[in-house]
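The values are calculated or read from the model by the stated rules, or taken from the named source; none is laboratory data. Here the structure is a predicted model, which is why all the values come from computation and not from measurement. Glycine also receives a Cβ, built like all others from the backbone with ideal geometry; neighbour counts cover every protein chain displayed.
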Amino acid sequence: MKFMGFLVKKIKAYHSSKSAWLSMVSEAEQQLGYQLDSDLKHYLIAALGYFHEMYTPSMLMGETILMPQDSTPSVLHVEKMRLAADHCLILSGMFPAHIAYKMSLRGCVCLGQAGYASIALQYKNLESKGLADLYESIAWHFIDMLDVLLCLRDIAGQNQLSAHDCRVLAQYFNSGYARQKLAF
C-alpha cells in the first residue's frame with residue numbers, strides 16, 4: 001500500500017497522470033533494456049491509470065478474479081474478460097506477494113495470458129482484426145509487460161520478489177526481470 005502512495009506522490013509531480021505513467025514505464029523499460037511496442041506501452045499505461053483511479057490497493061487485492069464462462073462472443077463478454085485479464089496483469093506486477101492469499105503467482109500469470117489470448121480470439125470472431133491483433137500482442141508480451149511493472153516496484157523502492165517467485169517467473173515464463181534478480 002506504501003507503493004501506491006509513492007506512485008501517487010510521483011504522479012502529482014507531473015501535470016497529468018498519463019505523462020507520469022509514461023515517464024515511469026519508460027524508466028522501467030530503460031532499466032530492463034526493453035522497448036515495448038507503442039500500442040503495448042499505451043495499453044499498460046491505460047491499465048495502470050484505470051486501476052489507480054478505480055481501485056484502492058485493498059479493493060484490488062480483495063476482489064475475486066472471475067473469467068466469464070459463456071463462450072458467446074459479445075462486447076460485454078469481452079469487456080468482462082479484459083477486466084479480469086487486466087486485473088491479473090496489475091496484481092501480478094504490482095502486488096505479487098498478495099496474490100498468494102487467493103491463488104499462485106503462476107496461476108495469476110497464466111490466467112492473465114490466457115484471458116488476453118481468448119479476447120484476441122473473440123475479436124477475431126467478431127471480425128475486428130485491429131483489436132484481435134492488439135490483444136494477441138498483449139498475450140504474447142504479457143511477461144514483458146509484467147517485467148516492466150515489477151521494475152516499477154524496484155524504482156519505488158518496494159520489496160522485491162521473493163526468491164521463490166523469481167524462480168517461478170524465470171522457470172515457467174522466462175521472465176527477464178526474474179532472471180536478472182536471480183543472477184545477483
Inset, instruction - For the stretch 136-157, enumerate the residues that are aromatic (Phe, Trp, Tyr) and touching a residue at least 40 places away in the same chain (Cβ under 8 Å). - result: Phe142
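In the stretch 148-175, what residues are among the charged types (D, E, K, R) and under 20 Å from Tyr34 (Cα atoms)? Even if it seems obvious, please write down each step before you answer.
At the first step, the residues of the stretch 148-175 found to be among the charged types (D, E, K, R) are 153-154, 165, 167.
Within the stretch 148-175, Arg153, Asp154 meet the criteria.
Does Ile11 satisfy being of a type in the set (Val, Ile, Thr) and modelled with pLDDT under 90?
So Ile11 passes the test.
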Inset, instruction - Among the numbered conditions (1) surrounded by fewer than 14 Cβ atoms within 10 Å (Cβ to Cβ); (2) assigned to a helix (DSSP H, G or I); (3) at pLDDT below 80; (4) not β-branched (Val, Ile, Thr), tell me where His52 comes up short. - result: (1)
Inset, instruction - Assess whether Leu91 counts as being free of Cβ contacts under 8 Å to residues at least 12 places away in the same chain, surrounded by 17 or more Cβ atoms within 10 Å (Cβ to Cβ) and either in a helix (DSSP H, G or I) or among the basic types (Lys, Arg) (or both). - result: no
Inset, instruction - Tell me, please, whether a residue that is at pLDDT 90 or above and either under 23 Å from Gly130 (Cα atoms) or more than 11 Å from the chain's Cα centre (by Cα) (or both) can be found in the stretch 89-99. - result: yes
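Here's the yes/no breakdown for (1) buried (at least 20 other Cβ atoms within 10 Å of the Cβ); (2) more than 23 Å from Ile99 (Cα to Cα); (3) under 14 Å from the mean Cα position of the chain (by Cα):
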{"residue": "Gly115", "(1), (2), (3)": "yes, no, yes"}
{"residue": "Asn125", "(1), (2), (3)": "no, yes, no"}
{"residue": "Lys129", "(1), (2), (3)": "no, yes, no"}
{"residue": "Glu136", "(1), (2), (3)": "no, yes, no"}
{"residue": "Phe142", "(1), (2), (3)": "yes, no, yes"}
{"residue": "Val148", "(1), (2), (3)": "yes, no, yes"}
{"residue": "Ala156", "(1), (2), (3)": "no, no, no"}
{"residue": "Ser162", "(1), (2), (3)": "no, no, no"}
Inset, instruction - Looking at (1) touching a Ser or Thr at 6+ places or on another chain (Cβ under 9 Å); (2) surrounded by fewer than 20 Cβ atoms within 10 Å (Cβ to Cβ); (3) at pLDDT 85 or above, find the lone condition where Lys102 falls short. - result: (3)
Legend entry - Selected residue [at pLDDT 90 or above, of a type in the set (D, E, K, R) and part of a helix (DSSP H, G or I)] from Glu136, Glu79: Glu136
